[in-house]
Amino acid sequence: MSLYHPVKIGTLELEGNLFLAPVAGYSDRAFRGLCIKGGSNFEYTEMVSAEALTRRNGKTQEIMKAAPNEKKYAVQIFGGTPKVMYDAACLVMEQTDCSCIDINAGCPVPKVVKTGAGSSLTRDADRLHEIIASVVQAVKDKGRDIPVTVKIRSGWDKLSINFTECAEHAIKAGAAAITLHPRTRAQGYEGRSNWDYLKELVEFVAGRVPVFGSGDIFKPEDAKKMLETTGVDGVMFARGAMGHPFIFRQTRELLLTGTYSDIPPVERLTAGFEELDVLIEDRGEKAACKDMRKRFSAYSKGLNGGAALRLAIVHAETKSDYENIFGEYL
């Protein structure tokens with residue numbers, strides 16, 4: 001089988017195996033829409049707090065919106081108790097037409113962990129089982145035929161590597177796929193992810209459900225290497241896609257032809273303005289332009305006069321400011 005191939009997650013069929021991971025502050029619908037144009041086969045929303053969702057927090061509505069060109073996508077939720085996760089899953093299905101609900105059991109951020117959610121679940125595989133089972137039950141009770149998946153880490157710290165135990169609980173609870181970010185909670189995003197754990201998980205799961213890999217995929221060659229050396233069914237781009245939504249297309253080219261083409265600066269910047277337009281629609285010009293400062297800094301990487309460009313970008317407050325900054329490049 002080609003390294004680039006279709007994937008089936010429960011009842012969900014996808015044309016390929018290159019996905020956008022859920023990234024807080026980045027994988028909103030504006031960016032997900034660009035990733036679809038850039039060749040992504042499936043996208044995950046930023047993680048949604050189950051507690052905030054059940055309290056009808058307005059921001060959760062924005063996070064869960066589909067991109068204009070998004071036909072299939074996953075909403076990722078996080079929480080520490082089965083009841084709240086059940087209620088949140090029901091609301092996700094009432095408020096969206098998502099194709100999948102993903103459970104975050106990997107976030108290492110202290111404010112998430114202290115609530116019993118995210119990576120905290122790796123310390124309590126029984127509770128992880130209960131939470132997954134509760135979301136699976138919510139899907140059944142709502143009469144929806146969509147898969148429930150889970151993203152985990154390798155363990156809490158280097159002395160408690162238990163991803164196979166967590167995976168077994170996840171499968172028995174009804175998870176239709178497992179994504180492993182092979183760092184511990186203690187590592188956060190530091191150091192290197194251990195891809196040997198991905199290979200071990202693939203062998204342990206033995207085809208019962210798809211296994212997806214995440215961690216340290218910053219260029220197409222990284223994705224190819226992960227697929228070749230670990231046997232995962234698909235890869236998730238996280239930080240590697242930031243400012244580079246074309247990495248999916250380039251990776252597909254590499255997997256199918258052995259080479260890939262560069263992205264010209266004008267295409268990168270045009271994508272940035274497309275993203276800005278959707279953000280303005282969702283948040284208003286002031287908030288959108290502020291948020292685009294970090295994104296345009298990434299899109300403009302490698303352009304002549306980069307230092308001066310970045311200095312201008314951090315002071316941009318309107319769409320016109322950005323048009324003035326990048327006019328000569330467009």
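Quick notes
- In this Cβ point-charge picture (+1 for Lys and Arg, -1 for Asp and Glu), region 30-134 has a dipole of about 260 debye about its Cα centre.
- Inter-site label distance for residue 283 and residue 266 at 7 Å from Cα along Cβ, in nm: 2.9 nm
- log10 of Debye I(q)/I(0), alpha-carbon scatterers only, for the chain at 0.07, 0.10, 0.15 Å⁻¹: -0.27, -0.57, -1.24
- Nonlocal amide H pairs with residue 100, under 5 Å, H built at 1.01 Å: 73, 75
- Average Cα contact separation per residue, region 123-246, under 8 Å, 6 or more apart, as relative contact order %: 21 percent
- Relative contact order of the chain, defined on C-alpha pairs under 8 angstrom at six or more residues apart (%): 16 percent
- On full extension, the segment bounded by residue 2 and residue 274 gains 94.6 nm, given 0.36 nm per residue less the C-alpha separation.
- Protection proxy ranking for 12-20, 91-99, 134-142, 42-50, using the average of other Cβ atoms within 10 Å per residue and placing the highest first: 42-50, 12-20, 134-142, 91-99.
- The listed peptides 215-227, 192-204, ordered by packing as a protection proxy, come out as 215-227, 192-204 (highest mean of other Cβ atoms within 10 Å first).
- Between region 187-259 and region 1-64, the Cα center-to-center distance that results, in Å: 16 Å
- Share, in percent, of DSSP beta bridges within the chain that are antiparallel, nearest 5: 10 percent
- Solvent-accessible area, 1.4 Å probe, carbon plus sulfur percent, for the chain: 50 percent
- Ellipsoid semi-axes in whole angstrom, largest first, where each is sqrt(5λ) of the Cα gyration tensor of region 289-330: 14, 12, 9
- For the chain, the longest principal axis of the alpha carbon atoms and the long axis of helix 247-257 meet at an angle near 80°.
- Region 165-193 residues near the modelled residue 124 label - backbone nitrogen below 20 Å, point 7 Å along Cα→Cβ: 165-175, 185-186
- Taking 0.36 nm per residue of separation and subtracting the current Cα-Cα distance, fully stretching the chain between residue 206 and residue 111 would add 30.7 nm.
- Packing here is the average count of other Cβ atoms within 10 Å per residue, and on that basis the peptides 27-34, 2-9, 290-297, 207-214, highest first, run 27-34, 207-214, 290-297, 2-9.
- Only helices enter this figure: runs of n ≥ 4 DSSP H residues, each worth -39500 (n - 2.57), summed and divided by the residues of the chain, yield -13500 deg cm²/dmol at 222 nm to the nearest 500.
- Antiparallel bridge percentage (DSSP; both residues within region 55-205; nearest 5): 5 percent
- Anchor residue 225: lysines whose Cα lies under 19 Å away (excluding residues fewer than 8 positions away in-chain): 199
The values are calculated or read from the model by the stated rules, or taken from the named source; none is laboratory data. These numbers were taken from a predicted model, which means no experiment stands behind them. Note that each Cβ is placed from the backbone with ideal geometry, even for glycine, and that neighbours are counted across all protein chains shown. The protein model used for the area step is the full one, side chains on, heavy atoms only, and it has no ligands, DNA or RNA in it. Shrake-Rupley method; radii C 1.70, N 1.55, O 1.52, S 1.80 Å.
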